[in-house]
Amino acid sequence: MHGLLTKIHPVKQPIESAKDVAHATSGAIAKTASFITSSILDLGKGVFSPIGQPHSSAPRAEPGTAPGIEQYLHQEDSSLKVGITVIDYGPDGHNTTTFDDIHEALALPEQQNPHVRWINIDGLRPSVVNAVCQHYDVHTLSAEDVIHTYQRSKMEVFDDHMIIIARQLQLANDKLKNEQISFFLFQKTLITFQEVPGDVFGPVRKRLEKSTGRFRTYQADYLFYALLDSIIDHLFPILEAYGNAMEEMEIEILEDPNALSQQKLFSMKRDLSLQRRVLWPIRELVDNLYRDESELIHPELKTYYRDVQDHTMQVIDLLETYRETASGLTDLYQTSVGNKMNEIMKVLTIMASFFIPITFFAGVYGMNFEHIPELGWKYAYPVFWGGCLTMSLGLAIFFWRKGWIGPK
């Protein structure tokens with residue numbers, strides 16, 4: 001066992017209200033929104049990095065191989081580090097334990113009193129996933145879905161458990177990370193698999209440490225709701241930051257459109273398109289969870305899942321709005337570049353217009369004819385320049401009255 005962290009709280013009267021929970025959650029999300037907004041606005045000053053898959057050393061199956069996780073076991077990368085956290089909570093307290101070995105984590109005795117266990121695993125090592133699935137009697141194809149991290153968000157319902165595949169978007173190292181999170185939902189146990197350490201579940205962990213709240217009265221289905229709600233709510237500050245960055249980009253495009261503006265705009269459009277590909281399957285997932293009639297989700301929690309469904313629709317609407325805004329900024333960029341080019345051509349045309357009559361006179365009197373009467377006149381040269389300056393001045397007055405030159 002790598003380390004042991006234990007936090008036990010005494011039993012208190014469950015007098016927590018919905019207002020207290022909402023206040024605590026909104027405060028945590030507000031802090032997260034502030035950090036993410038500032039980070040994405042910093043990205044807006046440079047080139048936006050596209051959403052990328054996190055680096056994972058999990059092996060890939062070759063086409064035609066047998067289905068299941070067994071094919072991955074002999075390809076396992078032993079250098080892949082795995083972090084395991086077991087959180088037990090209930091009416092009598094809260095206990096957090098960390099492990100490096102999955103067998104020690106699975107052998108941890110359960111408490112006698114009614115409680116919920118959350119096992120979170122950071123790192124997808126096939127042997128670890130296989131050990132968990134064998135311990136909880138999960139099908140080998142579900143274990144393969146955990147290892148294969150390019151799954152579409154979905155859910156599969158079995159007799160005593162439910163498999164949910166979701167995707168988590170978060171800002172990490174100035175880049176948007178698109179990560180798969182797998183949930184194994186049992187009546188009193190929730191198991192989560194993450195590709196790499198780092199998630200958006202910090203506010204939920206803090207709420208679990210409190211001795212009061214709905215976590216103490218409901219089972220694992222409420223914990224799963226809270227985690228899924230955190231994934232969805234975390235998208236609001238990210239999209240809001242994109243909106244702020246696009247407002248700054250609109251000003252930049254109007255004042256000084258350049259190639260870097262176009263590059264940033266295309267990067268943001270690519271990010272928004274990828275986010276759309278992630279969010280639409282999650283919308284279907286949340287809808288299926290709300291309509292599911294299995295006993296794993298308490299009927300009283302349907303209202304909470306409907307709230308997640310509403311948040312998902314709000315995020316999708318916001319995303320579609322920003323995608324339309326990005327398309328409008330593309331048109332604005334093309335228009336601004338065109339207007340800038342028109343202004344340049346206007347200046348060049350006006351400058352050329354001043355020289356057209358001068359060029360005409362110079363061409364006439366520069367011809368090699370022998371008899372041109374004006375060439376012998378002693379005032380021919382000053383008259384020539386006087387005529388050129390007079391015509392140039394007349395053109396300048398004409399252009400000024402038309403509003404083509406001078407202050408508008």
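Coordinate-derived values only; no laboratory data. The structure displayed is predicted, hence computed values, not measured ones. When we count neighbours, we look across all protein chains shown, and the Cβ atoms used for this are built from the backbone with ideal geometry, even at glycine.
Structural remarks
- Ranked list, fewest to most other Cβ atoms within 10 Å of each Cβ, for ASP229, ASP287, ASP77: ASP77, ASP287, ASP229
- Ranked ILE397, ILE191, ILE231, criterion: other C-beta atoms within 10 Å, fewest first: ILE397, ILE231, ILE191
- Three-way shape label, the range 345-402, alpha-carbon gyration tensor, a/c 1.5: oblate
- Tally of Lys pairs whose C-alpha atoms are under 26 Å apart, taken over the range 285-408, 8 or more apart or cross-chain: 4
- The calculated FRET efficiency for THR65 paired with ASP160, based on their beta-carbon distance and R0 = 30 Å, is about 0.55.
- Label point at PHE360 placed 7 Å out along Cα→Cβ; residues across the range 382-405 whose backbone nitrogen lies under 15 Å: 387-396
- For the range 256-262, 3J(HN,Hα) per residue [Karplus equation, 6.51 cos²θ - 1.76 cosθ + 1.60, θ = phi - 60°, Hz, x = Gly/Pro]: 8, x, 9, 5, 5, 4, 5
- Simple Cβ-charge dipole of the range 290-387, Lys/Arg +1 and Asp/Glu -1, about Cα centre, in debye nearest 20: 920 debye
- Mean-position separation - Cα centroids, the range 189-259 and the range 71-108, in angstrom: 24 Å
- A simple charge model with +1 on the Cβ of Lys and Arg, -1 on the Cβ of Asp and Glu and nothing else charged puts the dipole of the range 99-187 at about 440 debye relative to its Cα centre.
- Distance (nanometres) between label positions extended 7 Å along Cα→Cβ at SER78 and ALA107: 2.1 nm
- Each label was represented as a point 7 Å from its Cα along the Cα-to-Cβ direction; for THR390 and GLU295 these points are 10.8 nm apart.
- Amide H contacts of ILE69 (H built 1.01 Å from N, in plane; Pro and chain starts excluded): GLU144 sit under 5 Å, all sequence-distant by 5 or more or on other chains.
- Label point distance in nm, GLN134-ARG306, each placed 7 Å from Cα along Cα→Cβ: 4.5 nm
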